[in-house]
Amino acid sequence: MSSNLIDLLFIFMLACFIGFEVIRRVSPLLHTPLMSLTNALDAIAVVGAIVMAGEHKTTFATILGTIAIAAATSNIVGGFLITDRMLKMFKSSRPTKP
Amino acid sequence: MNELVSSQYVIEAIYLIASALFILSLKWMSSPTTARHGVWAGELGMLLAVAGTLLHHGIVDYTWVIVGLVLGTGIGIPLGFVQMTAVPQRTALSHAFGALCVTLVGTAEYYLQTPNVPRFTMAVLSAEVILGGLTFTGSLMAAGKLQEILPQRPITYKGQNVVNLGILGLAVGLAVYLVLHPGATHLFPLMVGIAVLFGVLLIIPIGGADMPTVISLLNSYAGLSAAAMGFVLNNKLLIIAGALDGSSGLILSVIMSKAMNRSFTNVLFGGFGQDQTIAGKQEAKPVRTATAEEAAAILSAANKVVIVPGYGMAVAQAQHKVRELYDSLTKRGVDVRFAIHPVAGRMPGHMNVLLAEADIPYDRLMDMEDINSDFPQTDVALVIGANDVTNPAARNDTASPIYGMPILDVDKARTVMVIKRGMSPGFAGIDNPLYYLDHTLMLFGDAKGFVGNIVRELTGGGH
């Protein structure tokens, strides 16, 4: 248990550093789509909610799990949709392909 | 038994791939040319992760899972098609949804495990629901202010900071008690309730101009609460996604607060609106004005024009008229670029999205650092709906409340034109000396209408 906890902390620490290094390189041009994309990715919390609702251990847990799935799914669907819509609009004045 | 173990391995392997895809997704966001690949990588990772989770052996009943997925899709689709001007409030709303999910799962998990919750689990569980709870209501408040359902002006009262910190301290105190006595089930809802209340109180004193920082900060909290949930559920994919989101939000908040020369604590506990009195001592100083015809003549005679858009342009929905202006000037051989201040608009990068929507090529949109050295060689700087980010007082008036804030040096251009409704001061209530300079022309009118008039003069100049 305790070694597992340490493993998780290592993963968290490394992911934070990767996050900082990757995000630092994102052009300010794309900060709005960046935020909507990370929002959609963050909705991966849906996996916890799916297990919570699907295990059906108590009615209370199932109800909360179902609402949680709906909330996270709306972020996944809406987040990816709007990010792609925004990115489609960014065009260069230099024609790249015919 | 063997089957159970192997399905667990399959799920872990899928999560591993999904984690890699998430990192790639953010990596590809670094440039507009690869950014859409980033979305696809994210979508693929998400699809794999959700499909993999459905294999989980503990799931006995799919009914409610499907109900939740269908319901969420139904809410998500309209949220994916909001207008670009409404993106800040949509983003705040989705922070609220993300935090709601995390808080609900955390709450359910607590009641499943109580009273035998290991100390570490209880500690991260408390972090999860406190961060989740305050992000939920805080983001709803932010969305309400951005949608103008709630008053945008900061609401402040005496002792506000003491009250807020006291309430947060109470929630943390309850969390510590629960770590020591996880069986105290009656205290858990109290802790969540206090976090939810704190979220409301935290956003009440924050004004519209501070929204870019606040949205970024809430983004960071939403990520951290998801990472905490990963610790509770022993889910590495969640920890990674939460850490990525948390660091992304943190970086954006640092950029935003630097662009306003303010610290986090100052944004959250300072309250710009408290200095409103300054606006009162304003005296009527002379300004030079110009008509659309004169402005068009000056613009068409220029070689280099820099347009400085601000939130006022978005409010007036003037971006499409601005694009027409860009087109007609470019056709005449004028070099037109756009100077974007990091905090222009209501969220990070908001102006870029609005201008991209109006089909202005992104290589014409310049960051503050890249464009500032070019202003002395610029013939005309045209300010549309921006105010405080062009205020030279930030550079040279130590008494100004925005002193030290990095600004766009528009006053260094040969001619400055400012489209403005009237002489009222900007959101922060600070007078702008730019308007009284000898080489500044004030173009009074609605941004959309005035830009439209200039375009008409430029194109229809023949008749």
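The values are calculated or read from the model by the stated rules, or taken from the named source; none is laboratory data. Source: prediction; values computed, not measured. No Cβ is skipped: glycine too gets one built from the backbone with ideal geometry, and neighbour counts run over all protein chains shown. Quick note on the areas: whole protein, heavy atoms, side chains included, nothing else; ligands and nucleic acids left out. Shrake-Rupley method; radii C 1.70, N 1.55, O 1.52, S 1.80 Å.
Considered as an equivalent ellipsoid built on the Cα gyration tensor, segment B:306-436 has semi-axes of 23, 16, 14 Å, the largest given first.
Once every Cα of segment B:1-134 carries one equal point scatterer and solvent is ignored, give the base-10 log of I(q)/I(0) from the Debye formula at q = 0.10, 0.11, 0.18 Å⁻¹, two decimals. Debye curve over Cα of segment B:1-134, log10 I(q)/I(0) at q = 0.10, 0.11, 0.18 Å⁻¹: -0.48, -0.59, -1.43.
Extension gain for B:Asn266 to B:Ser6 (0.36 nm times residue separation, less C-alpha to C-alpha distance): 88.4 nm. For segment B:54-102, chymotrypsin sites (Phe, Trp or Tyr not before Pro) are listed when DSSP marks them as loop and at most 16 other Cβ atoms sit within 10 Å of their Cβ; the list is B:Tyr62, B:Phe81. Counts of other chain beta carbons within 10 angstrom of each beta carbon in peptide B:353-362 average 5. Evaluated with a Cβ-only charge set (Lys, Arg +1; Asp, Glu -1), the protein assembly as shown carries a dipole of roughly 600 debye about its Cα centre, given to the nearest 20.
Quick one: accessible area per residue over chain B, 1.4 Å probe, rounded to a whole number of Å²?
39 Å²
What fraction of the Cα pairs in the protein assembly as shown, stated in percent, has a spacing above 47 angstrom?
The calculated P(r) of the protein assembly as shown puts 18 percent of pairs beyond 47 Å.
Is it possible to state the helix-based mean residue ellipticity at 222 nm for chain B, with each DSSP H run of 4+ residues giving -39500 (n - 2.57), the sum divided by total residues, to the nearest 500 deg cm²/dmol? What is it? It lands at -19000 deg cm²/dmol.
Normalised by the number of residues in chain B, the mean separation of alpha-carbon contacts (under 8 Å, six or more apart) gives a relative contact order of 13 percent. Placing unit charges on each Cβ (+1 for Lys and Arg, -1 for Asp and Glu) gives the protein assembly as shown a dipole about its Cα centre, and among B:Ala184, B:Met122, B:Leu434 the Cα reaching farthest toward its positive end belongs to B:Leu434. For chain B, with all protein chains in place and a probe radius of 1.4 Å, 62% of the accessible heavy-atom surface sits on carbon or sulfur.
With the charge dipole of the protein assembly as shown set up from +1 on Lys and Arg Cβ and -1 on Asp and Glu Cβ about the Cα centre, the Cα lying farthest toward the positive end among the listed residues B:Gln152, B:Met417, B:Ala339 is that of B:Met417. Based on the reciprocal of the average 1/r between different C-alpha atoms, the Kirkwood radius for segment B:1-51 equals 11.6 Å. Across q = 0.15 Å⁻¹, segment B:124-172 modelled as identical point scatterers on its alpha-carbon atoms has Debye log10 I(q)/I(0) values of -0.54, in the order of the q list. Tally up the carbon and sulfur contribution to the accessible surface of chain A as a whole percent, 1.4 Å probe, everything protein left in place. Using a 1.4 Å probe with all protein chains present, chain A comes out at 68 percent carbon and sulfur.
Once every DSSP H run of n ≥ 4 in chain A is given -39500 (n - 2.57) and the sum is divided by its residues, what mean residue ellipticity at 222 nm do you get, rounded to the nearest 500 deg cm²/dmol?
Only helices count here, giving -26500 deg cm²/dmol.
Normalising the average separation of contacting C-alpha pairs (under 8 angstrom, six or more residues apart) by the number of residues puts the relative contact order of segment B:310-362 at 43 percent.
For B:Lys236, the lysines whose Cα falls under 24 Å of its own Cα, not counting residues fewer than eight places away in the same chain, are A:Lys57, B:Lys27. Partners of B:Lys285 within straight-line reach, counting lysines whose Cα lies under 23 Å from its Cα and excluding those fewer than 8 residues away in the same chain: B:Lys412, B:Lys420.
For the peptide B:111-121, the mean number of other protein chain Cβ atoms found within 10 angstrom of a residue's Cβ is 2.
The chymotrypsin sites (Phe, Trp or Tyr not before Pro) of segment B:132-201 that DSSP puts in a loop, and whose beta carbon has at most 11 other beta carbons within 10 Å, are B:Tyr157.
Across chain B, Cα-Cα pairs more than 37 Å apart make up 36 percent of the total. Exposure here means at most 15 other Cβ atoms within 10 Å; with GluC sites (Glu not before Pro) in a DSSP loop as sites, the longest stretch of chain B lacking them is B:284-463. Taken across both chains, chains B and A shield about 7900 Å² of accessible surface from a 1.4 Å probe. Do you know which residues of segment A:45-59 lose at least 30 square angstrom of accessible area in the protein assembly compared with their chain on its own, with a 1.4 angstrom probe? Listed in order, they are A:Ala45, A:Val47, A:Gly48, A:Ile50, A:Val51, A:Met52, A:Gly54, A:Glu55, A:His56.
Springs join every pair of Cα atoms under 10 Å in this Gaussian network model of chain A, and among A:Val46, A:Val22, A:Val77 the largest mean-square fluctuation is at A:Val22.
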